[in-house]
Amino acid sequence: MPKGRYSMSLSEFRTFKKDCCDYKKLSEYDDKHIVIQLRLSMDIDLKRALDTNFGKNWKKISVEQAVQSVGELINHISNSSIYRKESDKMDQLKDEPIREYVTRLKTCAIDCNFVCPHDENHDLTDYH
């Protein structure tokens, strides 16, 4: 079962989302059971946020809706400016292979939300 944290970065959330879909396929449980298990595998802060925002309705939603709800909470607390600042100061670590460094850069860049201010459909991640 994927573990959810309130302080997940956007890249961690994307992995969490994929893991939830894979878990649903592998377990073949119904949505009701998986949604309950999802909540049980979350840290206390995420549980509290979900309880506050969804209350009793949490048990009535699908896995996809549950993951979307978690995403909305995570996106609400994330700030792309912080990720951009982190991206600007990233350096290759000593003895770190270039492939791993590039992977770290790309992961961080996705969270930075580099888009054109005049056209939201124009992704500027590769440029940055």
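The values are calculated or read from the model by the stated rules, or taken from the named source; none is laboratory data. These numbers were taken from a predicted model, which means no experiment stands behind them. All Cβ positions, even for glycine, are placed from backbone atoms using ideal geometry, and neighbour counts span all protein chains on display. Quick note on the areas: whole protein, heavy atoms, side chains included, nothing else; ligands and nucleic acids left out. Shrake-Rupley method; radii C 1.70, N 1.55, O 1.52, S 1.80 Å.
What the table below lists for this structure:
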item	result
Number of positions in the stretch 20-39 that are more than 15 Å from Ile61 (Cα to Cα), open to solvent by 70 Å² or more (accessible area, probe 1.4 Å) and not in a loop (DSSP other than H, G, I, E, B)	3
Top-ranked residue of the stretch 8-31 - restricted to ones that are among the basic types (Lys, Arg) and at pLDDT 90 or above, ranked as farthest from the chain's Cα centre (by Cα)	Lys25
Unmet criterion (only one of (1) modelled with pLDDT of 80 or more; (2) open to solvent by less than 30 Å² (accessible area, probe 1.4 Å)) for Lys94	(2)
Which numbered condition Ser80 misses (of (1) closer than 22 Å to Met1 by Cβ; (2) modelled with pLDDT under 85; (3) open to solvent by less than 100 Å² (accessible area, probe 1.4 Å))	(1)
Count of residues meeting criterion [basic (Lys, Arg), in contact (Cβ under 8 Å) with a residue 24 or more places away in the chain and farther than 15 Å from Ser69 by Cα] in the stretch 4-31	1
